[in-house]
Structure formats: C-alpha cells, structure tokens
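S.K.: The structure follows.
The values are calculated or read from the model by the stated rules, or taken from the named source; none is laboratory data. Because the structure is a prediction, the values reported are computed rather than measured. Quick reminder, even Gly has a Cβ in these numbers, built from the backbone with ideal geometry, and neighbours come from all protein chains shown. Surface areas here come from the heavy atoms of the whole protein model, side chains and all, with no ligands, DNA or RNA. Shrake-Rupley method; radii C 1.70, N 1.55, O 1.52, S 1.80 Å.
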Amino acid sequence: MIAAPELQTEFHYPQDTDTRFSSDTDFDDPDGRNAVIGKGKAKKGKKGPGEKGKGAGKGAGRMNGHHQENGMENVMLFEVVRLGKSAMQSVVDDWIESYKHDRDVALLDLINFFIQCSGCKGVVTGEMFRNMQNSEIIRKMTEEFDEDSGDYPLTMAGPQWKKFKSSFCEFIGVLVRQCQYSIIYDEYMMDTVISLLTGLSDSQVRAFRHTSTLAAMKLMTALVNVALNLSINMDNTQRQYEAERNKMIGKRANDRLELLLQKRKELQENQDEIENMMNAIFKGVFVHRYRDAIAEIRAICIEEIGVWMKMYSDAFLNDSYLKYVGWTMHDKQGEVRLKCLTALQGLYHNRELNAKLELFTSRFKDRIVSMTLDKEYDVAVQAIKLLTLVLHSSDEVLTAEDCESVYHLVYSAHRPVAVAAGEFLFKKLFSHRDPEDDSMPKRRGRQSVNANLIKTAVFFFLESELHEHAAYLVDSMWDCAAEILKDWECMISLLLDEPLPGEEALTDRQETALIEIMLCTIRQAAECHPPVGRGTGKRVLTAKEKKTQLDDRTRMTELFAIALPALLAKYSVDAEKVTNLLQLPQFFDLEIYTTGRLEKHLDSLLRQIREIVEKHTDTDVLEACSKTYHALCNEEFTIFNRVDIARSQLLDEQVDKFNRLLEDFLQEGEDPDEDDAYQVLSTLKRITAFHNAHDLSKWDLFTSNYKLLNTGIENGDMPEQIVIHALQCTHYVILWSLAKVSEGTSKKEDMLTLRKQMRAFCLMCQRYLTSVNTAVKEQAFTILCDLLLIFSHQIISGGREALEPLVYTPEASLQSDLLNFILDHVFIDQDEDSNSTDGQQDDEASKIEALHKRRNLLAAYCKLIIYNVVEMNTGADIFKQYMRYYNDYGDIIKETMSKTRQIDKIQCAKTLILSLQQVSDYKVSYLPSKRCSYSMRCCQIWDPALTAHPQLSVALKIACLHPFAFKEPNPQGEGHPPLNLAFLDILSEFSSKLMRQDKRTVHMYLERFMTFQMALQREDCWLPLISYRNSLQAGGDDDTMSVVSGISSRGSSVRSKKAKPATGKRKLPEEESSSSSTEVWMNREQSMQTPIMMPSPHLTSTIMREPKRLRPEESYMGVYTMTPDQQQQHTHPQTPQPQHHQTPLDYNTQVTWMLAQRQQQEEVARQQQERAMNYAKLRSNLQHAIRRGTGLMEDDEEPIVEDVMMSSEGRIEDLNEGMDFDTMDIDLPPSKNRRERSELKPDFFDPASIMDESVRSTHFLGYDAFQR
C-alpha cells in the first residue's frame, strides 16, 4: 500500500510469482507485489527537514491534488516534461525543494505525474493517498481511464509527443541523481515510488504497464549508477584507511581513522539500501515484464539489462543475468531480438569483459550464428556485427562452419547485410598481416603487400562458385577494403609481369576472375553506387565523395590507358577476358589522352580493337567493341576525329565485304557453299553488332538484308543464324530511320520511304512466323511486337503529330497469327518444349532459361493488349490459361488483366466473361481439393468482371450467367448433367459477395432452370449444382442470430483501440433483423427448399422454431410444376420417365423479373433493419444496466485489456518453468581493498553462489538453466 507518513507500514519484498491473469481479475494484489519495499522488519518513515506534523499541510493550498497559488493552478510536472522546454535540472530541483517543505504533497505530485504519463485523466487525491491501498488506487485509476483511441503519451504521434519519451527518461535519471545523497535513503520516497511502479507494471491496462515498466527500468539504471559511485567511493575510502593505518603510530591520526571507518560504514549502509531497492525492482518488475505480451515492453527490459551489465559489470555481468538475454534471443518479434544483439555488442566491444562472456558465448553462439539469416534484415545485420566483435576478441571461438555461414552473405541483395558480411570477411581473411611486411619498405606491383590479399580475394571468389556476382562481392567489401580493391597497379602487375622466383603463377581461371574483379572495382570507383539489384538507386554524392571519384577516374585512366593495349594483346584470343577488358574505356576520363600526351597509346588501343573485331565472331565480344567505339567517339573531346576515322575505315571494309559476299552467296542458288555461308554470317554479325550503337544508314543496309530475307522465304533453305541476324539488322535500320525522322530535320520523302520499308518488313516478319525453325519464328515474333508497339497510335503523342503517316494498325490476319504463335509456343508443357529443342533441355538450367524466354514472348504480346494495339477480346485466349499455367505465367496474366481493367472496365469485363465461358470447356476434376483450389483462383482472377459496372448489381450479373450452365444438354441423356454444369462451381465462389436478399433472389432464379429431377440428383457429377445451391442458401436464415451473437460475444472479446461499447448508435446494415420480419421470409424460404436439403431449425429472438415437416409433394408445388407423370414417377421411382428441360427466359425478361423482385424486397429489408436496430438498442441498454449494478466500470469507459503474459508457444517453454525460483538477489560486489569482505566475495560463475539455500537444495541451476 501507499501509506501516509504517520501510519506505521509493514514493508515486504515483492514476490517472484507469475503474472498471468484470469479473465475475471479485479486488479487485486494477491502476491503483495505492490507493497512498499523495506529492509527486514517494519520501519517507520523518517521525518525530513521541514516536514509538517500529522495532518499539517495536507490538502492546504491544493485542489484535486494540484497546487493553488492566488487561485491560479501551477503547471504540473507532466506538462513541464511534455513540453520539454525547461531544463530538467531546475525542474527536479524545484520538486526537491517542495519535497523538503512537505514530502506528502510533493510525493503526491510525483504519483500523479506517473499516472498522467500513462495517459490516464484521473487524479490521485490526498484522501486516496492516505486511506487507500495500492491495488485500490490502481483500480480507481483504471475506472477513470477515459481513453478514446487507446493511444497514450509513449505511443502518440505528433511534434508535441516526439521528445516525450526522452524527456520522461531524463526526468527519472536526473531525479535519482539529485536525490542520491539523502532523499533516496529516507525509506519513504523511493519505497512509495517503487511500490507504485511495481503495482502499475502488473496492470492489465497496456498504458499503465508500458509506462510504469519504462519508468522502473530507467529508475533501476539510475540506481545502478548510484551503486557504482558508491562502490568507487568505498574503494577510495578503503585505500585512504589502509594508507592511514599503515603509518607509524606517532604520525597516525586516530580521529581520521574513526572518520574513515564511519564513512565506510555509512557507504556500506547506503549500498545495502540500494541493493534492496534494485532487488525490489528486478524481482517485482523485470522478471515478469521481460516476457510481457507486448514486444515494446520486452524490448525495454532487455535494453536496460544490457546497460546494467555494461555499466556495472562486476555486479551484473554473470550468467544469472546473461541468461535473460540469451533466452530472449528466441523472441518472436524482431524488435526484441534486435535489442538483445545491441546489448551484447556493448559487452563484446570491451575486451576486458571477454573472460566473463566465455560460458555465454559457448552456450548461445549457435543461436547468434543462425540469426544472421533472420527474416528481419536489421536483426541479421546486428547479428553479423556481433559475430565480427566475437571474431575480433578471439579467433578460436567461431568454427570454420560458422564463418562459412556468414561468408556467403556478401552476395546478399540487401546491402546492409552484405556490407556487414564484408566486414566480417575482411576481419577474418584480410586483416592479418605479417609483422615483417610493416617493417619492410613499401613495394609496388606484385611485390606489394596487397598482392597476396588480392590473390586471397580471387581464391575466395572462385571457391564461392558465384562467378556472375563479382560486382556484389566488390560492393560488399568496398567500405572496409577499398585500399586493397583500388590497387590497380598491383592487379596489372599480376596479369602482365612474370612471377617471381618461387612464386606460383596465376592459372587461366584465376586470371579470368581477377580481370572480372578488376572491372567491377573500376566501375564501382567511377559510378559510386551499388550494382543493379542492390540499393534504391543513385544518391547525391557529397563534396568529398565527388573529389574521390574524380581522383580515382584520373588515376585509373593514367594506368589503364597504357596497360590496356598490352592486356588486349596478351588475351586477344580469349573471348571472356577480352569482353571484360573492352569495357574499361567506358569509365575513362578521355581528356587525359590529350592532356597526358597519350595519343600513341590511343592508336595502339584502336589497332587492338580492330584486330579483335576481325578475329572474333562472338556476339558479346563484338558488342563490347561496338560500345567501346561509342564511348571513345565523343564529340566533346579532341580525340573524336582520330577515333571516328578508325571506326569509318573498319565499317567501310565490313560493309563492302558483306555486299560482295552476299552477291556471290545469292548467285549460288539452292546449294550454297558452307564456307561462303560462314563468311556471310560472320560479316553480318559484325555489322549487326555495330548497327546497334552506331548509325549505318549511309550504307543502305535495308536493301541487301531485305533481298537476303526474301530469298530465304522463296527457297526455304536459308541458314537459321543468317536469317536471325538479318532480321535484327533490318530492325536496327528501321529504328535509326525513325530516330532521324523524329528529329524533324528529314525530308518528306524520308518519311514515306520509312513507312514503306516498315510495312514491307512487318509483312516479311509475318511470313517468317510460319517458318519451320523455332528460333527464327521467335525472332520474327519479338521484332513484330516491338515494331507494332513503336508504330502504334501512341507514336503521335507528346506533340509528334507529324509522324501520323507512320501509324500502323495490324490487320486481323496479323493479330490472328500473333495469337496463334503464343498459343502454340508459349502455352506448352515443359516436356513438349524439351522435345522441340532436340533434347537440349535436359539440364535444369536450360529449362529455366527456356521458361524465361517464353515469359518474355508472352510479356511482349501482353503489352500489345495493354496498349490497345490488338483487340482486347483477343486476351480471352490468354486469360483462360491462367489456371493451367498459374505457376509459370500467373503474374504476367494477372497484371495484364489489371491494366486492361484500368483502360476500359466494360470491355475488360466482357473479355473476362468470354474467357470464363471458354474455360468451362476445360474438364475440371471433381475431387474436392482440386475443385476448391480451381474455383477460388477463378474467383480471384475474374472478380473484376462482376464489379466492372457499378450500375448493375452483382446478383444480376451472376444470374444472367445461369443460362450458359444449362444451355447445352448432355448427349448421353437427360439423366446426366448438362455439359457446362461445371461452370456453376466457379459461380459458387462469388456467392459470398451477395447480400442476403440477393441470395434468395438468385436462388429463386436458379430454380427456374432446374427440373424436379435435377433437385433429386446426388451423384458426384452433380456436385457443382449442389455446392452452388448450398452457397446461395448459406447464411440466409440467421438474421436474428447475428444480432444476438454480435452483442453477446462482445463481453469476452478483446477490445480494439478504437472500439466503443455497444450503444444505440451502432448501425447494423442488412445483417440484423427482428423476429417478426424473420418469420416472414423464413416461411417463404421453407417453401423453396428441396426435399433433399432440409433447412436447419431457425433461431429467432424468443423461441427456437422447428420448421414444419411437409411431404415433398406439398413443399415444392410453388417452385416446381409437377405434371401427373412426374408425380407418379416421384411416387414410383422404379418406373423411368422422360425428363424435359424448362425453356429458359430471354435476357430482357430475366432483367425485368429480377428488378421487380429486388424492389419488392427492398421495403421488407428496410423494415427488418429498423426492427433489428431497436432490438440491438434494447439488448445493449440491458447489458449496461447490469454493468452499472456491479459497479465495476463506468458506463462509457472500458480500458484496453490484454493478456499480460506472452504466449509460450514457439518459445522456450521449458525455460519459463523455473523462473519463479530462479531469481537471484542483487548482491553488489564488495570493495576491492576491503579485507574483511574480500574473502566472502562470491564466484558469480558458480551456481552455488547465486541461489538461496532453499533453492539450492532442490534445484542446481546456473548454466544448468541454460541447458533447460
């Protein structure tokens, strides 16, 4: 209890008990955890200076617990802390002065401060403070917790609450610091505050629990700091005492010895008091709240215990406290796991503490290693950093397997994780240097210190077997190993210079890897941003980074302008090495060729590139050469003329050679020579590669390529690769011509020529769609899709109306050919595709590549649909494949449907319904699991079709699809289901979108298409009809039940943040009805049921009504027209009778009938809603009357109540079993120089020294607790 000073109060230690609450808790304090703490027997509070007598000053000058001066209310502590404008030191000093004047009044202000910081608008009055126990005060404050949204200061957003938490924590720290010499030892202020916070921390109200836990933990941190200062003072006093006592008797001051002994005694008493307070907080708050249900509260506890262990390691850094951090590393919330890792980082950072962490490291090392793969990236980053600190402290702790699990994270797509792994890798493999290397003079080239480190990077890259991710490896290590990675002079020396005597030369594979790493480092230095796929994009560079970038570009240009020709000459026959080396000039500062007088090296480079073009036919090499010429041919630099002349000479030779070879090749007729074909193909590859980046229009390549393609169509024996590259080259000709026309400087004749060439080329590509070669057809299809998209109606957008003559709309035949190509070459099974490529798809990687190619083809065609180049209804053939090829193309098809819906909702809906009807031809298996999955996906994908037109109800659209399901009778006879009956299985997934009255309307409309015999069928083949009817009948007869359950269930549910008690203002749209209105439609529904599907009893507001049992012929006269023959057949089922389908109504009659039914039922629904609302009001008022009778809560005030304890599922359940008795007393270590206590200093790693005798006799814990 919180006692007044004149009352003699018995103080108790808080008991370490479980804090799980039952559902009917009344906030009592059965464990005595809210009692004021004390030391041993009961004590009477000490009177402070200036304290009034009994009753004096209490309530004087106060109103509702607030100060009053001249009728004006002073600013409360809460407002001062909330605003954060005053210096916290002065605020605390003012409160201390108030406490010295009247400690009851000041303490009451402090209590109200904590209550208001929790968001409670209630006030603890002086009367409550004197006469009520803690649990009663907390209950009263809970009742007055007038919260509207569930937010409280610690969780509120906005500028005024932005710094509240920091100000709140600062106030507690300053308060303890200013009171540490006298007030905290008066056995009144701290006892009362700790008792209050302990009681609030056990509250089921989250705001109380969260705020009080934060306050208690910060209070504990401040007390730990006080205890540390006391320990230091005790050590100093002990040294002074020893020094004085060791003096000679004549020089020894006995008075000083007595003063030192008295001071040491006082410090010891104070330390014991502090130990008592910390024990109370630790046992009463921490051991319960560190496993609270709220992650924020658990995180606060773990964060603060980390501070205690780091601040006062002699007392807290032992297994009894470390175990809480180790256990909590298994927490379900990433926020809590993150606090565990940051707390441990502060400990491992101090090498002096490593010895005390050995046992913890051995026990929880595996868990820390596994956290490097945490689903929360922030947790993974901190786990890697923690392992780096562990590695820094000792190389023997982590095994090779532990390190390898971190190594591969350098290739992670998440850059912070990769950078942290790069630092770990650098610490492990690159930070160890021989002492001799530092003493020797600095060497350059392959003799430098970095040579071995660069080789180590190469070896690591090769062993990781992720050869396509060198850029990721470089980026991961860039921040910590930039000095090594930018030692390009050493890399050049390793590639060009001969190895030293006794040195092992690099293998061909190692040289390839080194060149790739070298290229990545140059790109990273020149671009200063992460590679593609890692990072959010380019960022603004600082001035320092810009200067570093310029310096790096200058240095790399000076080095490689000289070395690159030699490297190309050495590796000219190796395509992979040459391809990487040819990319280097793209990052040069080309001005240095002139300023550095390096023109001769430029000429040498151009000669090497020309020789490479003439030697190689590999596409990658030729494209790299083309890009290099494009980078060097920059008109801004003086070297442009020199490079342009070399480029023109090379292209002149290649084009002349191609024309000469082509003329001879075409004259050979149907039996061309293989050597001639190879020469034509090689030359065409070079021209195509250069035409991609350079304008070759002046050589008129369209004529020669078109002649080549036309000959291939006529003869049909043109080599595959020649046709593919001819199509690509002609495509480049069209695009370069369009670029010239778009500039507006060309003549009208040029536009007409382009229009003629483009249409002729499209026709040529269409003819190649029927080729026998798959690769040729794919190339023609891709080019056609690109051209149709480029020359569509959108070409004139953006003020380019002059290009309108170039607009090309594909004809119906071309659209049909494109669609047929997609259906024949994309929507195929994997096995079929493997067979079509002559068995080359056996390898799994090849299958993935083939799938990627087919996805690109489908995406190219879907773009034509999205941009309205082809008719939208052609998409029906694509959409109907959604289910069958969901795993391969589901994302592409779904995105296409989403885009088409944005363009035209009506047309999209028509297309989707068309595909829905077409897909019903696909025979769906009637196994329940398959049918369910199929129908649910159909519901997800075709839902836009039923919501595209807001003017029509969903019920009308669904009902209008019924004729499709029944229109085609089964040729095997009328005893079998219609052919399209499976369509109803898909419609059943949309029934949930119908309102209750619409379900009845659609159900009645469905009965019009059914015969009496259909209703009697129960075979599996009729399951679509049965499930569809059930979906329309589900939920149709529980109106009143929804009212009752919706209100009664509220009492046992957890209230959400913005929830309000049920009042008369609650709206119940179309879901709640009265008993009288229920009976109206209930009786009508009874007449509509089939004899096979009898309804369950209907629950009304007053009685449980049993439906009248009728004979089948009486129940269904109003629905089915039973002829005498049908009645006879029903009476004698053995006699087979012919069945006839009922003639379906036309569309207009359907719409008219459904609208009439809807209007008739709207009035009935409105009356049902009014009666239901009245009924809900009555029930709500009755419940609140019962509540007021009990006096538990106010009428409109219901705090957020949550389960205080965190669920043990998925956590270390067995660890929690021993928590009640595995809580140690905080025993601060003795003075280091005090002899009388040094012998009694406990071994904090010895389990026997940290337990009571009662506990020790039953359970031997310590690190055995870890094993649990």
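S.K.: Restricting attention to the range 329-349, and to residues there that are open to solvent by less than 60 Å² (accessible area, probe 1.4 Å) and not in a helix (DSSP H, G or I), which single residue is nearest to residue 304 (Cα to Cα)?
M.R.: 329
S.K.: Is it fair to say residue 514 is crowded, with 19+ Cβ neighbours inside 10 Å, touching a helix residue (DSSP H, G or I) at 6+ places or on another chain (Cβ under 9 Å) and within 23 Å of residue 457 (Cα to Cα)? Show your work before the answer.
M.R.: Numbers: crowded, with 19+ Cβ neighbours inside 10 Å: yes; touching a helix residue (DSSP H, G or I) at 6+ places or on another chain (Cβ under 9 Å): yes; within 23 Å of residue 457 (Cα to Cα): yes.
Judged against the criteria, residue 514 is a match.
S.K.: Given the criterion hydrophobic (A, V, I, L, M, F, W, C), in contact with a Cys (Cβ under 7 Å, 6 or more places away or on another chain) and within 20 Å of residue 165 (Cα to Cα), identify the matching residue among 302, 297. Break it down stepwise before answering.
M.R.: Values: 297 fails: in contact with a Cys (Cβ under 7 Å, 6 or more places away or on another chain).
Answer to the check: 302.
S.K.: Of the conditions (1) part of a helix (DSSP H, G or I); (2) touching a residue at least 12 places away in the same chain (Cβ under 8 Å); (3) open to solvent by 30 Å² or more (accessible area, probe 1.4 Å), residue 634 satisfies every one except a single condition; which number is it?
M.R.: (1)
S.K.: Return the residues of the range 505-534 that are within 32 Å of the chain's Cα centre (by Cα) and either outside any helix (DSSP H, G or I) or free of Cβ contacts under 8 Å to residues at least 24 places away in the same chain (or both); say none if nothing qualifies.
M.R.: Once the filter is applied, which keeps residues that are within 32 Å of the chain's Cα centre (by Cα) and either outside any helix (DSSP H, G or I) or free of Cβ contacts under 8 Å to residues at least 24 places away in the same chain (or both), the range 505-534 yields 528, 529, 530, 531, 532, 533, 534.
S.K.: Turning to a different aspect of this structure: Could you give me the residue pairs with C-beta distances under 7 Å whose first residue belongs to the range 537-551 and is more than 16 Å from residue 523 (Cβ to Cβ), whose second residue is surrounded by 12 or more Cβ atoms within 10 Å (Cβ to Cβ) wherever it lies, and which are 6+ apart or on separate chains?
M.R.: 539/529
S.K.: Before we move on, is residue 253 out of contact with any strand residue (DSSP E or B) (no Cβ under 6 Å at 6 or more places or on another chain), open to solvent by 10 Å² or more (accessible area, probe 1.4 Å) and touching a residue at least 40 places away in the same chain (Cβ under 8 Å)?
M.R.: Values: out of contact with any strand residue (DSSP E or B) (no Cβ under 6 Å at 6 or more places or on another chain): yes; open to solvent by 10 Å² or more (accessible area, probe 1.4 Å): yes; touching a residue at least 40 places away in the same chain (Cβ under 8 Å): no.
Spelling it out, it is not the case that residue 253 is out of contact with any strand residue (DSSP E or B) (no Cβ under 6 Å at 6 or more places or on another chain), open to solvent by 10 Å² or more (accessible area, probe 1.4 Å) and touching a residue at least 40 places away in the same chain (Cβ under 8 Å).
S.K.: Continuing with the same structure: Tally the residues that are at pLDDT 90 or above and part of a helix (DSSP H, G or I), restricting the search to the range 852-877.
M.R.: Qualifying residue count for the region: 15.
S.K.: How many residues are among the hydrophobic types (A, V, I, L, M, F, W, C), open to solvent by 40 Å² or more (accessible area, probe 1.4 Å), in a helix (DSSP H, G or I) and within 18 Å of residue 610 (Cβ to Cβ) if we restrict to the range 535-583? Walk me through it before giving the result.
M.R.: Just the residues of the range 535-583 that are among the hydrophobic types (A, V, I, L, M, F, W, C), to begin with: 540-541, 543, 550, 556, 559-564, 566-569, 573, 575, 578, 581-582.
From what's left, open to solvent by 40 Å² or more (accessible area, probe 1.4 Å): 540, 543, 550, 559, 562, 566, 569, 573.
From the residues that got through so far, the ones that are in a helix (DSSP H, G or I) too are 543, 550, 559, 562, 566, 569.
The next check asks that each one be within 18 Å of residue 610 (Cβ to Cβ); those that pass are 566, 569.
Result for the range 535-583: 2.
S.K.: Can you tell me which residue among 289, 367 is open to solvent by less than 10 Å² (accessible area, probe 1.4 Å) and basic (Lys, Arg)?
M.R.: On the way: 367 fails: open to solvent by less than 10 Å² (accessible area, probe 1.4 Å).
Of the residues listed, the single one that is open to solvent by less than 10 Å² (accessible area, probe 1.4 Å) and basic (Lys, Arg) is 289.
S.K.: Going through 192, 155, 211, 142 one at a time, which residue ends up being open to solvent by 10 Å² or more (accessible area, probe 1.4 Å), on the phi < 0 side of the Ramachandran plot and hydroxyl-bearing (Ser, Thr, Tyr)? Step through it out loud before you land on a result.
M.R.: Details: 192 fails: open to solvent by 10 Å² or more (accessible area, probe 1.4 Å); 211 fails: open to solvent by 10 Å² or more (accessible area, probe 1.4 Å); 142 fails: open to solvent by 10 Å² or more (accessible area, probe 1.4 Å).
From the options 192, 155, 211, 142, the qualifying one is 155.
S.K.: Looking at the range 380-402, I want the residues that are without any contact (Cβ under 8 Å) to a residue 60 or more places away in the chain and assigned to a helix (DSSP H, G or I) and have a partner that is open to solvent by 40 Å² or more (accessible area, probe 1.4 Å) and of a type in the set (Asp, Glu) with Cβ atoms under 8 Å, at least 6 apart or on another chain. Which pairs are those?
M.R.: What qualifies is 384/423; 385/423; 388/423.
S.K.: In the range 602-611, is there at least one residue being of a type in the set (Asp, Glu), in contact with a helix residue (DSSP H, G or I) (Cβ under 8 Å, 6 or more places away or on another chain) and assigned to a loop (DSSP other than H, G, I, E, B)? Spell out how you get there, then give the answer.
M.R.: To start, the set of residues in the range 602-611 that are of a type in the set (Asp, Glu) comprises 603, 611.
After this cut, where a residue has to be in contact with a helix residue (DSSP H, G or I) (Cβ under 8 Å, 6 or more places away or on another chain) as well, the list is 603.
Next, only the ones that are assigned to a loop (DSSP other than H, G, I, E, B) stay: none.
No, the range 602-611 has no match at all.
S.K.: May I pose another question? Considering only the range 797-816, state which residues are in a helix (DSSP H, G or I) and either open to solvent by 50 Å² or more (accessible area, probe 1.4 Å) or touching a Cys at 6+ places or on another chain (Cβ under 7 Å) (or both).
M.R.: First, pick out the residues of the range 797-816 that are in a helix (DSSP H, G or I): 801-806, 812-816.
Of everything in the range 797-816, those that are in a helix (DSSP H, G or I) and either open to solvent by 50 Å² or more (accessible area, probe 1.4 Å) or touching a Cys at 6+ places or on another chain (Cβ under 7 Å) (or both) turn out to be 801, 802, 804, 805, 812, 813, 816.
S.K.: If you don't mind, there's one more thing I want to ask. Among the residues that make up the range 687-704, is at least one of them assigned to a helix (DSSP H, G or I), in contact with a helix residue (DSSP H, G or I) (Cβ under 7 Å, 6 or more places away or on another chain) and among the charged types (D, E, K, R)? Walk me through it before giving the result.
M.R.: Residues of the range 687-704 assigned to a helix (DSSP H, G or I): 687-691, 697-699, 701-704.
Next, from what is left, pick out any that are in contact with a helix residue (DSSP H, G or I) (Cβ under 7 Å, 6 or more places away or on another chain): 687-691, 697, 699, 701-702, 704.
After this cut, where a residue has to be among the charged types (D, E, K, R) as well, the list is none.
Checking the range 687-704: not a single residue is assigned to a helix (DSSP H, G or I), in contact with a helix residue (DSSP H, G or I) (Cβ under 7 Å, 6 or more places away or on another chain) and among the charged types (D, E, K, R).
S.K.: Now for a different question. I'd like the full set of residues that are acidic (Asp, Glu) and either more than 28 Å from residue 235 (Cα to Cα) or surrounded by 22 or more Cβ atoms within 10 Å (Cβ to Cβ) (or both), limited to the range 292-318. Spell out how you get there, then give the answer.
M.R.: Restricting attention to the range 292-318, the residues satisfying the condition of being acidic (Asp, Glu) are 292, 296, 303-304, 314.
Residues satisfying the conditions are 292, 296, 303, 304.
S.K.: May I ask you to verify whether residue 613 is open to solvent by less than 70 Å² (accessible area, probe 1.4 Å) and in contact (Cβ under 8 Å) with a residue 60 or more places away in the chain?
M.R.: Values: open to solvent by less than 70 Å² (accessible area, probe 1.4 Å): yes; in contact (Cβ under 8 Å) with a residue 60 or more places away in the chain: yes.
Here the answer is yes, as residue 613 does meet what is asked.
S.K.: In addition: Do you know which residues across the range 875-892 are among the aliphatic types (A, V, I, L, M) and touching a residue at least 40 places away in the same chain (Cβ under 8 Å)?
M.R.: To start, the set of residues in the range 875-892 that are among the aliphatic types (A, V, I, L, M) comprises 876, 878, 883, 892.
Once the filter is applied, which keeps residues that are among the aliphatic types (A, V, I, L, M) and touching a residue at least 40 places away in the same chain (Cβ under 8 Å), the range 875-892 yields 876, 878, 883.
S.K.: Now a separate question. I'm checking my understanding of the structure. Among residues of the range 751-789 that are part of a helix (DSSP H, G or I) and small (Gly, Ala, Ser), which one is least open to solvent (accessible area, probe 1.4 Å)? Show your work before the answer.
M.R.: First pass over the range 751-789, keeping only residues part of a helix (DSSP H, G or I): 751-768, 774-789.
Keeping just the survivors that are small (Gly, Ala, Ser) gives 760, 775, 780.
Working: 760: 29, 775: 34, 780: 0 Å².
Looking at residues that are part of a helix (DSSP H, G or I) and small (Gly, Ala, Ser), I get 780.
S.K.: Hey, could you check the range 95-122 for residues that are among the small types (Gly, Ala, Ser) and part of a loop (DSSP other than H, G, I, E, B) and say which is surrounded by the fewest Cβ atoms within 10 Å (Cβ to Cβ)?
M.R.: Here is the first cut: in the range 95-122, the residues among the small types (Gly, Ala, Ser) are 98, 106, 118-119, 122.
Okay, now just the ones that are also part of a loop (DSSP other than H, G, I, E, B), so 118-119, 122.
On the way: 118: 25, 119: 23, 122: 18.
If we take residues in the range 95-122 being among the small types (Gly, Ala, Ser) and part of a loop (DSSP other than H, G, I, E, B), then 122 is surrounded by the fewest Cβ atoms within 10 Å (Cβ to Cβ).
S.K.: Please pick out the residue among 883, 897 that is under 28 Å from the mean Cα position of the chain (by Cα) and modelled with pLDDT under 85. Break it down into steps so the answer makes sense when it comes.
M.R.: On the way: 897 fails: modelled with pLDDT under 85.
Going through 883, 897 in turn, just one is under 28 Å from the mean Cα position of the chain (by Cα) and modelled with pLDDT under 85: 883.
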